[in-house]
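K.L.:
What follows is a structure written as structure tokens; I'll ask about it next.
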């Protein structure tokens, strides 16, 4: 009997501990309340599908419009150089798709900055008494806080000021949010920077494979070739094969430049956006 009472007491204590832990744990809504990663991150699955569609359209365009001598050369670059140009084209247009999604997000955030998010008509100072008015005004704007660095930072500052009621601590929270936003912007370019690195590497791989094929074909004919004219003919074929092998490197370097410049410009534009948010809030 005493043992049963002790067991019941232990169960009651455990339930109390679990209830306390549940109260202390943050709910999923609270954890995601100020999660604004989607303000700069890109839906990679959609970007991959869009890049695939653009790459297929590019190859179809080359196939249909190979009418002149110049377009015929481009046809050879992409259709007659093995599997590497196909991969290069896909990675390049995948990168373009990522930049297109990021451009849309950037334009949406710039449109938010055009509004008076903290209007002076309500008050020149934020106090506990007028917090609800500022929050109501921000919500009336109709922007998704998770899609805007500015809205997220303002709402987080207002929420922290309601709890702490100290301007200095609220300023520290806004400063930490600024660092978080900068880190998110930087990390959102990891995939596309990997592509910028991988595109020329794949071009070099295609060149090495082409050189290997050309040299191996020449070596196989040398044993049977006794005539100097035959050897000269085979050497001409090898040099022609080597020139074709370097075409993949040329394509990869051009694609790498096409991706690198707009990526740098987009990252600079997002960093400028963060500076504007810092000037408005900080």
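K.L.:
Can you pull the Kirkwood radius for the range 153-202, inverse mean 1/r over Cα pairs, to one decimal in Å?
P.N.:
13.0 Å is the Kirkwood radius here.
K.L.:
Please work out the FRET efficiency for the pair residue 209 and residue 72, using the Cβ-Cβ distance as r and a Förster radius of 30 Å; give the result to the nearest 0.05.
P.N.:
My answer for the efficiency is 0.85.
K.L.:
Still on this model: Please report, to two decimal places, log10 I(q)/I(0) for the range 74-173 at q = 0.11, 0.15, 0.22, 0.24 Å⁻¹ as given by the Debye formula with identical point scatterers on the Cα atoms and no solvent.
P.N.:
Reported log10 I(q)/I(0), two decimals: -0.51, -0.70, -1.11, -1.22.
No lab work stands behind these numbers, since they all come straight from the coordinates. All figures in this text were calculated on a predicted structure; none of them were measured in a lab. Cβ: placed from backbone, ideal geometry, glycine included. Neighbour counts: every protein chain shown.
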